[in-house]
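Here is the structure we will look at.
The values are calculated or read from the model by the stated rules, or taken from the named source; none is laboratory data. This is a predicted model, so every value here is computed, not measured. Positions of Cβ are backbone-derived with ideal geometry, glycine not excepted, and every protein chain shown enters the neighbour counts. Surface accessibility is based on the protein's heavy atoms, side chains included, excluding ligands, DNA and RNA. Shrake-Rupley method; radii C 1.70, N 1.55, O 1.52, S 1.80 Å.
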Amino acid sequence: MLAASTSGAALSATPASAASWPSAPTTIPLWPEGVPGARAGLEPERYVDGRISRVADPTLTIYPPAVDRANGSAVIICPGGGYERLAIEREGEQYARWLSSLGVTAFVLKYRMREFGHPAPLQDVLRAVRLVRSQAVQYKLQPERIGVMGSSAGGHLAASAGTLFDHPLGRTGAQLDAVSARPDFLVLMYPVIALDGPAAHMGSRNALLGASPSAADVELMSVARQVTARTPPTLLIHTQADAAVPVENSILFYQALTRAKVPAEMYLFEHGEHGMGMRPNLGTASAWPRRAEEWLQARGLLDRTK
């Protein structure tokens, strides 16, 4: 039984897979007190070919660090899918197992999407940061070493967490709102950043904001424009060959980080299609996990805590 330390609400643990390595992950509800803005009559959640859609009950699936390698860092993972579905295996579970091998505790976020729209995904990712930070002692984490990683639209959500962590739309009136939702670092994989202009990913924009969004919503969720000096250190990974989300998205965010004097590193590879995950045979792009490990190491995030 897992309990949220600030609210006292019990979180029942449910095995997600009996055959996972290094140990069976555990799934906990993100909103044990009830999902904000819950809606009746939605179609049931659907899982097909490693992708989940129609999420109405957000969760965190916990992958503990590999035995004898725990270092006290945590990463909340936001799979991509255009705010229509979640590539939960390729950009969730696969990344979690890789991070586990580095000694990082990984939390795969199953978040709400098109069926709820803005600001439900933002509420979910910020709630995830607050929940993990509030339970740092239980998971043997350092509360100042909690990051968010996201791919594609999940990268947009991770970047939203890194820029809108104090925004009123990310609060629901719950007791956990008192816990800081600011991530300590970001890892953005071929992220959606722009929601207008030539680099915009219109599929993500329409799923998140609707077909006729207000100018204010487009401005707010074009997250490069929300970067400040408080945005956390960021690693960006993208490819020139990405035909779905133009590489300019990462460049825009990197430029905003540089203007704000936020520590940032960016790897732009020649080869590798959108959604490449950890596929081999993509030239130098297949080495991105090693580059990411080096970045995490250089920032002290893989140092063992005592």
*Within region 243-276, track down each residue that is within 20 Å of GLY81 (Cβ to Cβ), surrounded by 21 or more Cβ atoms within 10 Å (Cβ to Cβ) and of a type outside the set (A, V, I, L, M, F, W, C).*
PRO246, ASN249, SER250, GLY272
*Which one of these is open to solvent by 10 Å² or more (accessible area, probe 1.4 Å), modelled with pLDDT of 95 or more and part of a loop (DSSP other than H, G, I, E, B): ARG205, ARG225, ARG182?*
ARG182
*asked:* Restricting to region 1-47, name every residue that is at pLDDT below 90 and either outside any loop (DSSP other than H, G, I, E, B) or among the acidic types (Asp, Glu) (or both).
replied: LEU2, ALA3, ALA10, LEU11, THR14, PRO15
*Only one of these conditions is not met by ASP177: (1) open to solvent by 10 Å² or more (accessible area, probe 1.4 Å); (2) more than 30 Å from ALA136 (Cβ to Cβ). Which number is it?*
(2)
*asked:* Return the residues of region 63-72 that are closer than 28 Å to PRO121 by Cβ and either within 15 Å of the chain's Cα centre (by Cα) or charged (D, E, K, R) (or both); say none if nothing qualifies.
replied: TYR63
*Kindly check whether there is at least one residue in region 229-237 that is open to solvent by 30 Å² or more (accessible area, probe 1.4 Å), outside any strand (DSSP E or B) and under 30 Å from GLN142 (Cβ atoms).*
yes
*Of all residues in region 133-154, how many are of a type outside the set (Lys, Arg) and out of contact with any Pro (no Cβ under 9 Å at 6 or more places or on another chain)?*
7
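Within region 240-282, take every residue that is assigned to a strand (DSSP E or B) and under 19 Å from the mean Cα position of the chain (by Cα) and give me the one that is farthest from GLN94 (Cα to Cα).
Here is the first cut: in region 240-282, the ones assigned to a strand (DSSP E or B) are 264-269, 282.
Keeping just the survivors that are under 19 Å from the mean Cα position of the chain (by Cα) gives 264-267.
Details: ALA264: 24, GLU265: 23, MET266: 22, TYR267: 20 Å.
Restricting to residues being assigned to a strand (DSSP E or B) and under 19 Å from the mean Cα position of the chain (by Cα), the top hit is ALA264.
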